[in-house]
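The values are calculated or read from the model by the stated rules, or taken from the named source; none is laboratory data. No experiment lies behind these values; they were computed from the predicted model shown. Quick reminder, even Gly has a Cβ in these numbers, built from the backbone with ideal geometry, and neighbours come from all protein chains shown. When the accessible area is computed, the model is the full protein with side chains, heavy atoms only, and any ligands, DNA or RNA have been set aside. Shrake-Rupley method; radii C 1.70, N 1.55, O 1.52, S 1.80 Å.
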Amino acid sequence: MKVVVKVGGSLLRDGGAGGLCDDVASLRAEHSLVLVHGGGDEVTQTAERLGKAQRFVVSPSGVRSRLTDLETAEIYAMVMSGRVAMRLVLELQRRGVTAVSLSGLDGGLMRGVRKKRLAVIDDRGRKMMIDGGYTGKAEPADPRLLSLLISSGFLPVISPVALGEENVPLNVDGDRAATAVALGLNADSVVYMTNVSGLLLDDRLISHLSPQEAREALPSVGFGMQKKVLAAIEAVEGGVREAVIASGAAKAPVSSALMHEGCTVIS
Ligand SMILES: Nc1ncnc2c1ncn2[C@@H]1O[C@H](COP(=O)(O)OP(=O)(O)OP(=O)(O)O)[C@@H](O)[C@H]1O
Ligand SMILES: [Mg+2]
């Protein structure tokens, strides 16, 4: 099977990706894998250490996003492709996996459409339009470079930076980036590995949802998980057979997710 695994920044931050990397190393014999990672919190920390305060906005539908000017886009790309991707590549290399880190800029493998204007809710709860800056939505990835790497035995590790129309770096959401890669590769499964077991509603783990049921649940889902549920819906509606949200801290987490154990499946 072709499987895209999104590695949540939440796991990398807590040093909790070791078990996941062990599992990835052993699953490669059976499946074609591509990794996409997140790491927004790490971008925020580094930006603030560099003296660049980060601001976030919330859309009328409740989705939170980073206000991204060019300087922030550059810091975002630097931290994602440098620090976060490097750590993941090193973890994999230690396990004998020939991992290669790339962002959407490399070979133009993931293009993004810039959000020219963003609808946001201000402090007083009023809707207003602001400049979208260097944020965008990832389009289905170009599979050519990825297929070349996979067929030569390399494991692509992709950072959530997309190539904008004007050849600028765009901040794209990591979960949506995983969907874009899954759609471009025509993957069988996309697995979003995070620091919780899946979608919780009233403290209960939801084991299965159709895309429509998932859409109906969205208003009661909090930040972080909401983006995953949206990304999962887009993947399944775009033709990926299943999207799984699961804990990356469990034992053999990718294998368990592919067997639908203790997680949320959208199909
Ligand atoms: N209904 C919900 N069910 C489960 N988790 C939820 C829910 N609502 C909000 N969350 C939060 O979503 C978080 C996961 O998303 P988050 O964006 O923090 O991690 P990540 O996507 O793994 O990391 P990154 O965004 O850096 O890649 C959980 O830790 C949890 O706190
Ligand atoms: Mg997230």
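When you look at residue 217, is it open to solvent by less than 20 Å² (accessible area, probe 1.4 Å), out of contact with any Gly (no Cβ under 8 Å at 6 or more places or on another chain), over 23 Å from residue 19 (Cα atoms) and within 12 Å of ligand 1 (Cβ to nearest atom), yes or no? Spelling it out, residue 217 is indeed open to solvent by less than 20 Å² (accessible area, probe 1.4 Å), out of contact with any Gly (no Cβ under 8 Å at 6 or more places or on another chain), over 23 Å from residue 19 (Cα atoms) and within 12 Å of ligand 1 (Cβ to nearest atom). Can you find a residue that is outside any loop (DSSP other than H, G, I, E, B), of a type outside the set (D, E, K, R), open to solvent by 10 Å² or more (accessible area, probe 1.4 Å) and over 13 Å from residue 104 (Cβ atoms) anywhere in the stretch 176-185? Taking every residue of the stretch 176-185 in turn, at least one turns out to be outside any loop (DSSP other than H, G, I, E, B), of a type outside the set (D, E, K, R), open to solvent by 10 Å² or more (accessible area, probe 1.4 Å) and over 13 Å from residue 104 (Cβ atoms).
Inside the stretch 226-246, residues that are in contact with a strand residue (DSSP E or B) (Cβ under 7 Å, 6 or more places away or on another chain) and outside any helix (DSSP H, G or I) make up a count of 7. A search for C-beta distances below 9 Å between a residue of the stretch 115-138 that is at negative phi and any residue that is of a type in the set (Ser, Thr, Tyr) and part of a loop (DSSP other than H, G, I, E, B), counting only pairs 6+ apart in sequence or on different chains, returns 118/59; 119/59; 119/61; 120/59; 121/59; 132/68; 134/68; 135/68.
Within the stretch 33-59, the set of residues being more than 15 Å from ligand 2 (Cβ to nearest atom), in a helix (DSSP H, G or I) and either in contact with a Cys (Cβ under 8 Å, 6 or more places away or on another chain) or open to solvent by less than 40 Å² (accessible area, probe 1.4 Å) (or both) comprises 46, 47. Quick check: is even one residue across the stretch 118-125 at pLDDT below 95, touching a helix residue (DSSP H, G or I) at 6+ places or on another chain (Cβ under 9 Å) and either surrounded by 13 or more Cβ atoms within 10 Å (Cβ to Cβ) or assigned to a helix (DSSP H, G or I) (or both)? No; the residues of the stretch 118-125 include none that is at pLDDT below 95, touching a helix residue (DSSP H, G or I) at 6+ places or on another chain (Cβ under 9 Å) and either surrounded by 13 or more Cβ atoms within 10 Å (Cβ to Cβ) or assigned to a helix (DSSP H, G or I) (or both).
Note on the stretch 220-252: residues that are open to solvent by less than 20 Å² (accessible area, probe 1.4 Å), within 16 Å of ligand 2 (Cβ to nearest atom) and in contact (Cβ under 8 Å) with a residue 40 or more places away in the chain total 10. Scanning the stretch 1-22 for residues that are open to solvent by 10 Å² or more (accessible area, probe 1.4 Å) and either of a type in the set (D, E, K, R) or more than 12 Å from ligand 1 (Cβ to nearest atom) (or both) yields 1, 2, 6, 13, 14, 15, 18, 19, 22.
Checking each residue in the stretch 186-225 for being in contact with a Ser or Thr (Cβ under 7 Å, 6 or more places away or on another chain), in a loop (DSSP other than H, G, I, E, B) and among the β-branched types (Val, Ile, Thr) picks out 196, 206.
Reported count of residues in the stretch 60-69, each being open to solvent by 40 Å² or more (accessible area, probe 1.4 Å), in contact with a helix residue (DSSP H, G or I) (Cβ under 9 Å, 6 or more places away or on another chain) and not in a strand (DSSP E or B), is 1.
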